Amino acid sequence: MNTYQNPESIERAYELAKASYAAFGVNADKAIRAALDIPISVNCWQADDVKGFEGSDGLSGGGILATGNYPGRARNGDELRADAEFAFSLIPGKKRFNLHTFYAETKGKKVSRDELEPEHFSAWMSWSKKKKIPLDFNPSFFSHPLAENATLSSADPEIRKFWIRHAKAARKIAGAMGLNQGNPSVNNIWIPDGSKDMPADRFSPRQRLKDALDEILDIKYDAKTITDAVESKLFGIGSEAYVVGSHEFYMGYSAEKKINLCLDTGHFHPTETIADKVSACLLYVPGLLIHVSRGLRWDSDHVAIFSDELRLLCQEIIRQKFLNRIDIALDFFDASINRIAAWTIGTRSLRKGLLEALLEPTKLLTEAENSGRFHERLALMEEFKTLPFSAVWDKLCLLAETPAGTDWLARVNEYEKSVLLKRK
Ligand code: RNT
Ligand code: ZN
């Protein structure tokens with residue numbers, strides 16, 4: 001593949017683009033710096049099809065399922081870390097890495113999920129420190145024999161207690177990660193509990209979930225080490241009729257407990273957008289965790305792209321200066337394409353969305369709005385869409401010493417040949 005652009009032509013195009021933005025009162029240099037500075041938590045599970053290291057058969061369960069069998073899946077910590085390091089060399093800007101408990105490294109010993117300790121993540125934590133990539137975390141309530149029916153909302157007290165212990169263990173590990181990296185590890189609770197067909201009792205499971213969460217979250221950790229979040233869902237495969245942890249459930253819960261609410265862009269009705277929820281939720285909850293994904297028909301986890309929905313979400317975050325209250329993470333998994341490319345596409349698209357939002361002459365829009373000149377607001381919005389954005393993006397890539405344009409593709413192909421295809 002040809003080299004897309006050389007540094008000189010990127011610089012030339014950028015100088016012209018910069019002048020176009022300056023004409024609307026926007027400083028493109030500043031926007032680039034700000035865009036590079038926003039941490040994006042990259043989901044580790046894209047590289048291994050959400051399988052984890054427990055030797056599960058591949059079915060993720062709980063309604064989440066990676067389809068496809070493109071070669072090169074990461075099978076252990078060393079492969080996953082190598083893939084992440086390589087992908088990070090293609091992705092500009094600050095990154096974090098998001099793990100699940102089932103990525104524990106137990107040196108061949110079987111450790112029950114309710115007995116996991118920070119030491120089982122020592123390889124992750126030393127990698128994190130060395131590479132300066134902070135870690136985020138999630139208890140894993142799926143791909144497990146005790147997760148077949150229900151977890152934290154189970155009517156069986158033994159099963160419920162097992163998962164409560166598991167969630168406590170996860171918070172302890174997240175706390176250790178936060179201490180190790182010097183900033184809070186975001187620990188997100190998502191459970192798959194629900195039912196395929198209409199339940200007769202919708203209340204009792206929710207009551208049990210609430211009580212279980214209370215028990216888990218009443219253990220206090222230093223806010224400098226862990227940020228707790230809870231994630232809702234509309235439906236999943238096998239939980240079409242009822243999901244215990246619905247949006248209303250967690251909206252109420254996070255507001256009452258003053259913890260963060262996780263909004264996953266794939267977890268709502270197709271015509272709803274997260275962009276409109278951010279400002280409403282932030283009036284009631286301390287902060288948000290956003291899982292950037294792409295819902296497509298029944299699936300909530302396609303690779304994120306530079307869609308209108310993603311752009312609108314970024315605009316909402318940037319326009320309202322919400323960055324200090326929002327953690328931004330990715331949540332997708334596609335096993336039918338090169339997984340490193342999936343990471344690169346999704347993460348670069350999100351960074352593009354943030355950059356575009358930072359380049360928006362928002363002041364002109366609000367001025368038009370506040371004086372009732374709505375035709376002008378609409379005209380400006382349309383105009384801003386076609387400002388020379390790609391020239392600024394290429395400059396951002398150049399500054400971050402990551403490939404501009406499609407130059408990263410050749411490197412992915414090379415890595416596929418020399419590393420991924422050798423994993424048999
Ligand atoms: C599932 C949730 C959850 C998971 C990951 C693996 O629907 O979105 O966030 O995708 O934790
Ligand atoms: Zn999610």
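Compute the label zone of ALA223 within segment 321-357: residues whose backbone N is under 20 Å from the point 7 Å along Cα-to-Cβ. Residues 321-328 fall inside that zone. The phi torsions of segment 98-114, fed into the Karplus equation with coefficients 6.51, -1.76 and 1.60 and a -60° offset, translate into couplings of 10, 10, 10, 4, 7, 9, 4, 10, 10, 6, x, 7, 7, 10, 4, 4, 8 Hz, rounded to whole numbers, with Gly and Pro shown as x.
Between segment 366-396 and segment 115-134, the alpha-carbon centres lie 43 Å apart.
Comparing ALA357, ALA123, ALA368 in a Gaussian network model of the chain (Cα springs below 10 Å), the most mobile by mean-square fluctuation is ALA368.
Under the convention that each Lys and Arg Cβ holds +1 and each Asp and Glu Cβ holds -1, the size of the dipole of segment 39-112 around its Cα centre is about 220 debye.
Shape class of segment 179-227 from the alpha-carbon gyration tensor: oblate, with a/c at 1.5 or above and b/c at least as large as a/b. Rounded to the nearest 500, the 222 nm mean residue ellipticity of the chain from helices alone is -13500 deg cm²/dmol, with -39,500 (n - 2.57) taken per DSSP H run of at least 4 residues. Just how far, in whole angstrom, is segment 256-335 from segment 159-197 if you go by their alpha carbon centroids? Cα centres, segment 159-197 to segment 256-335: 20 Å. Among PRO118, PRO157, PRO184, whose mean-square fluctuation peaks in a Gaussian network model of the chain (Cα, cutoff 10 Å)? Top of the fluctuation ranking is PRO157.
For the chain, the solvent-accessible area of protein heavy atoms averages 45 Å² per residue (probe radius 1.4 Å; ligands and nucleic acids excluded). Computed over the chain with a Gaussian network model linking Cα atoms closer than 10 Å, the most mobile of LEU135, LEU354, LEU312 is LEU312.
Take the Cα coordinates of segment 124-235, assign each an equal point scatterer, and use the Debye formula without solvent to give log10 I(q)/I(0) at q = 0.11, 0.12, 0.17, 0.24 Å⁻¹. Treating every Cα as an identical point scatterer, log10 I(q)/I(0) equals -0.39, -0.46, -0.82, -1.30. In this structure, the amide hydrogen of LEU234, modeled 1.01 Å from its nitrogen in the peptide plane, lies closer than 5 angstrom to no residue at least 5 positions away or on a different chain. Of the beta bridges in the chain, as assigned by DSSP with both residues counted there, near 15 percent are antiparallel. With each label modelled as a point 7 angstrom along the Cα→C-beta vector, the LYS422-THR271 pair spans 5.3 nm. Tell me whether segment 171-321 comes out rounded, prolate or oblate; compute the Cα gyration tensor, take square roots of the eigenvalues as a ≥ b ≥ c, and use a/c under 1.5 as the rounded threshold. Judged from the Cα gyration tensor, segment 171-321 comes out oblate (a/c at least 1.5, b/c at or above a/b). Computed about its Cα centre, the charge dipole of the chain is approximately 960 debye, with only Lys, Arg, Asp and Glu carrying charge at their Cβ.
Legend: calculated FRET efficiency, ALA19 to THR67, from the Cβ-Cβ distance at R0 = 60 Å, rounded to 0.05, equals 0.80.
Rg/Rh for the chain (Cα atoms only, Rh after Kirkwood) is 0.97.
Within the accessible area of the chain, the carbon and sulfur atoms contribute 54%, probe 1.4 Å, all protein chains present.
The values are calculated or read from the model by the stated rules, or taken from the named source; none is laboratory data. These numbers come from a predicted model, not from an experiment. Positions of Cβ are backbone-derived with ideal geometry, glycine not excepted, and every protein chain shown enters the neighbour counts. All accessible areas refer to the heavy atoms of the entire protein, side chains included, with ligands and DNA or RNA removed. Shrake-Rupley method; radii C 1.70, N 1.55, O 1.52, S 1.80 Å.
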